[in-house]
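S.K.: Structure in structure tokens, see below.
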Amino acid sequence: MNFKTLFDSTFFIGFFSNLKASSLQKLHNSLTKVYLAEEIDIQPKPVKGIQHLYNAWYKSIKSNLVFKKFRRRDIKISFIVNHNGELIDIDLVERVDENIDKELIKTFKGLQLKWSSGLVKGESVRVKIVMPFRIN
């Protein structure tokens, strides 16, 4: 094997190794990166609509006596809408009370609402959402 053949082979292998690594990095980023709502092309949204989400929330809150002393309180719930529309990492932005916090998160998870995924350049991505709710 002469020097030119060795150089060409090394360049060829190196080029495709780097291409493969960057493709893997791109794939890894698309699966793990969490976008903020303002960074994406198409926003995730509840499949049955935002009004359905709030109606389900208020119905659940109204029937839960744990929230009685916390009426008329505004809260913000943060969560990530995954690639497939599932909600993960549900949490409160500001704490209310340890027991109430757990119950609020449990109530929100119990709604089991399906969301459409957010899109960037036509690809489904993970998106962090912060939504306001009221304990009525």
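The values are calculated or read from the model by the stated rules, or taken from the named source; none is laboratory data. Computed from a predicted model, the values in this text were never measured in an experiment. Positions of Cβ are backbone-derived with ideal geometry, glycine not excepted, and every protein chain shown enters the neighbour counts.
S.K.: Specify which of the listed residues (119, 113) is surrounded by 13 or more Cβ atoms within 10 Å (Cβ to Cβ) and assigned to a strand (DSSP E or B).
M.R.: Exactly one of 119, 113 is surrounded by 13 or more Cβ atoms within 10 Å (Cβ to Cβ) and assigned to a strand (DSSP E or B), namely 119.
S.K.: Related question: I'd like the full set of residues that are surrounded by 15 or more Cβ atoms within 10 Å (Cβ to Cβ) and either touching a helix residue (DSSP H, G or I) at 6+ places or on another chain (Cβ under 6 Å) or without any contact (Cβ under 8 Å) to a residue 40 or more places away in the chain (or both), limited to segment 55-65.
M.R.: 60, 61
S.K.: Among the residues of segment 86-93, are any free of Cβ contacts under 8 Å to residues at least 60 places away in the same chain and in contact with an Asp or Glu (Cβ under 6 Å, 6 or more places away or on another chain)? Let's see the steps before the verdict.
M.R.: Step one: list which residues in segment 86-93 are free of Cβ contacts under 8 Å to residues at least 60 places away in the same chain, which gives 86-93.
Then drop every residue that is not in contact with an Asp or Glu (Cβ under 6 Å, 6 or more places away or on another chain), which leaves 92.
Checking segment 86-93: at least one residue is free of Cβ contacts under 8 Å to residues at least 60 places away in the same chain and in contact with an Asp or Glu (Cβ under 6 Å, 6 or more places away or on another chain).
S.K.: Which residue pairs have Cβ atoms closer than 6 Å, lie 6 or more positions apart in sequence or on different chains, and pair a first residue in segment 119-136 that is farther than 16 Å from residue 73 by Cα and in the same structural domain as residue 72 (by TED's automatic domain parsing) with a second residue that is in a strand (DSSP E or B) and among the small types (Gly, Ala, Ser)?
M.R.: 125/118; 127/118; 130/78
S.K.: Let me ask another. Quick one: which of 121, 106, 48 is at pLDDT 90 or above, charged (D, E, K, R) and touching a Leu at 6+ places or on another chain (Cβ under 8 Å)?
M.R.: 48
S.K.: List, please: which pairs have Cβ atoms under 6 Å, are six or more places apart or on different chains, and start with a residue in segment 67-78 that is more than 16 Å from residue 106 (Cα to Cα) and modelled with pLDDT under 90 and end with one that is of a type outside the set (A, V, I, L, M, F, W, C) and assigned to a strand (DSSP E or B)?
M.R.: Final answer for the pair search is 74/134.
S.K.: Could you list all residues from segment 92-110 that are surrounded by 15 or more Cβ atoms within 10 Å (Cβ to Cβ) and among the charged types (D, E, K, R)?
M.R.: The answer is 101, 103.
S.K.: Looking at segment 66-87, which of the residues that are over 30 Å from residue 38 (Cβ atoms) and among the hydrophobic types (A, V, I, L, M, F, W, C) is surrounded by the most Cβ atoms within 10 Å (Cβ to Cβ)? Talk me through it step by step, then tell me what you get.
M.R.: Residues of segment 66-87 over 30 Å from residue 38 (Cβ atoms): 66-71.
From what's left, among the hydrophobic types (A, V, I, L, M, F, W, C): 66-67, 70.
Details: 66: 15, 67: 19, 70: 15.
In this case the residue turns out to be 67.
S.K.: Is it the case, given these coordinates, that residue 134 is among the basic types (Lys, Arg), assigned to a strand (DSSP E or B) and either at pLDDT 95 or above or closer than 21 Å to residue 34 by Cα (or both)?
M.R.: Values: among the basic types (Lys, Arg): yes; assigned to a strand (DSSP E or B): yes; either at pLDDT 95 or above or closer than 21 Å to residue 34 by Cα (or both): no.
Against the criterion (among the basic types (Lys, Arg), assigned to a strand (DSSP E or B) and either at pLDDT 95 or above or closer than 21 Å to residue 34 by Cα (or both)), residue 134 does not qualify.
S.K.: Another question about this same structure. Out of (1) within 18 Å of the chain's Cα centre (by Cα); (2) closer than 21 Å to residue 116 by Cβ, what's the single condition that is false for residue 93?
M.R.: The one condition residue 93 does not meet is (2).
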